[in-house]
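Input: a single structure, listed below in structure tokens.
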Amino acid sequence: MRYDPIDSQLFIQNRRRFAREMKPESIAIFHSNDQMPRNGDQYFEFRQNSNFFYLSGLDQAEAIIVLFPDCIKEAFQEVAFIKRSNEKISIWEGYKYTKEDARKISGIDKVYFLDEMEPVLHELMLLAKRIYINTTENDRFQPEVESRDTRMARALMAKYPAHKFHRAQPILKKQVMIKSDIEIGIMRHCMDITNTAFRRVLQFVKPGVMEYEIEAEIGHEFIRNRAWHGYHPIIGSGKNNCVLHYNENNQRCGEGELLLLDFGAEYANYSADLTRTIPVNGTFSDRQKAVYNAVLRVMKEATTMLVPGNNLTDYQKEVGRIMESELLGLGLISKDDIKKQDPDWPAYKKYFMHGTSHHLGLDVHDSNHRYDPIQAGMVFTCEPGIYIPEEGFGIRIENDILVTDHEPVDLMGHIPVEVEEIEELMRSSVLQ
């Protein structure tokens, strides 16, 4: 791993919180991610299953943890299984966890190798009545690729048909929405690295550079800080501003165009999520500035509403009303458009068609119970935008916000966002 060790208390506390919600005489099983084939005999770069990492801190393939809080057998309330290394694996693949490594990282005392798992797990299964399985559950995404957890669940159902099976996700989603102080500290570090990369870009961008060159500048700053992209970066110039998930990043940045940058550093598996829209030549036109400031006002006002007791459904409706007012002021919609609008697709959605906020953490679109009220400890993005294809540009601005019992904390408040600051930083690069 590239990142500094994380205090194992994070994972110990996460497991305790999960165990408190389990039914009596229950066992829960969690797997690391598969290594995904890329081509030939190659794999994609490994990225750990977020739920598995959240509960164990183990950042290696071929690992399993088992939780059995009220196990009658002494010292078997938590068990980890890891891959056994040997001389050949060490030569070809490099370092693998020892049992002591796994204990230190996870805080789990009872550690076995995977080739020792079958009799240990079988005995524990016979002592349990219920099994929690970690299925993939996202109400807006249904992957076709089957996970290791799902394959294991099917095997367990066939081998132990008299057990009762339960879903781990409803418990985990409740937990991961609320970030601990350790998690917030890691995420702040992600934001700091993202800030450094953005400031580097402000010094680099000028007419004629390629989008992929800008992506390379960001990647350079991430790697030198032991991080990587939390998601595929969007580097969209000109009309590409208006493609919400643009990822070709292969066009030349032109004079007078805007450049939309949506990227975030991932460090220790936690992610930042930043969007900025900047002028390629270092100076916004009057129209670009007017639209930019309208989006910025929406973001600032929306941020104030990320407070305990609110909910994302009502929040989005209120943000829509704020955006409606800004679009009227920009002449993009009329009062007649609003009068005739479809309630299910308000007039403002012609220019702002996506949601304003999503949970952030180990996943850039973090696990959550969508309809739960906003609570202290949650971290949200705040990312309004206005996209005007007929004028050849779009603008989105995004910061990451921590909800507290007092007022929202902008975790990206130190990253340049005002028109004057962006122009000044870009102007200084020209003078150097």
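Some notes on this structure:
- Residue match in the range 88-97 (condition: closer than 24 Å to residue 176 by Cα and not aromatic (Phe, Trp, Tyr)): no
- Flag for residue 47 being of a type in the set (Lys, Arg) and under 26 Å from residue 169 (Cβ atoms): yes
- Residue pairs whose Cβ atoms lie under 9 Å apart, sitting 6 or more positions apart in sequence or on different chains, and linking a residue in the range 297-315 that is under 21 Å from residue 368 (Cβ atoms) and assigned by TED's automatic domain parsing to the domain that holds residue 397 to a partner that is part of a helix (DSSP H, G or I) and of a type outside the set (A, V, I, L, M), are 302/315; 302/318; 305/314; 305/315; 305/318; 306/315; 310/318.
- Strands (runs of 3 or more DSSP E) contained entirely in the range 213-282, each with at least 1 residues that are within 30 Å of residue 57 (Cα to Cα) and in contact with a helix residue (DSSP H, G or I) (Cβ under 7 Å, 6 or more places away or on another chain): 258-263, 265-267, 274-279
- Within the range 71-84, tally of residues that are touching a helix residue (DSSP H, G or I) at 6+ places or on another chain (Cβ under 9 Å) and farther than 12 Å from residue 102 by Cβ: 5
- Flag for residue 242 being hydrophobic (A, V, I, L, M, F, W, C) and farther than 15 Å from residue 396 by Cβ: no
- Residue ID - surrounded by the most Cβ atoms within 10 Å (Cβ to Cβ), chosen from residues in the range 29-63 that are out of contact with any Lys or Arg (no Cβ under 9 Å at 6 or more places or on another chain) and assigned to a strand (DSSP E or B): 30
- Of the criteria (1) without any contact (Cβ under 8 Å) to a residue 60 or more places away in the chain; (2) within 16 Å of residue 278 (Cα to Cα); (3) surrounded by fewer than 19 Cβ atoms within 10 Å (Cβ to Cβ), which one residue 234 fails: (3)
Per-residue answers, yes or no, for (1) in the same structural domain as residue 130 (by TED's automatic domain parsing); (2) β-branched (Val, Ile, Thr); (3) over 21 Å from the mean Cα position of the chain (by Cα); (4) closer than 30 Å to residue 222 by Cβ:
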site	(1), (2), (3), (4)
16	yes, no, yes, no
34	yes, no, no, yes
38	yes, no, yes, yes
41	yes, no, yes, yes
44	yes, no, no, yes
48	yes, no, no, yes
51	yes, no, no, yes
60	yes, no, no, yes
67	yes, no, yes, no
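- Strands (runs of 3 or more DSSP E) completely within the range 87-175 that count 3 or more residues being not assigned by TED's automatic domain parsing to the domain that holds residue 59: none
- Scan of the range 172-210 for residues that are in contact with a helix residue (DSSP H, G or I) (Cβ under 8 Å, 6 or more places away or on another chain) and more than 20 Å from residue 283 (Cβ to Cβ), ordered by number: 172, 175, 176, 179, 180, 182, 183, 193, 196, 197
- Restricting attention to the range 69-83, the residues that are in a loop (DSSP other than H, G, I, E, B) and within 31 Å of the chain's Cα centre (by Cα) add up to 3.
- Selection count, the range 179-212, where residues are outside any helix (DSSP H, G or I) and surrounded by fewer than 20 Cβ atoms within 10 Å (Cβ to Cβ): 6
The values are calculated or read from the model by the stated rules, or taken from the named source; none is laboratory data. Predicted model, so just to flag it, every value in this text is computed and none were measured. Using ideal geometry, Cβ is built from the backbone for each residue, glycine included, and neighbour counts are taken over all protein chains shown.
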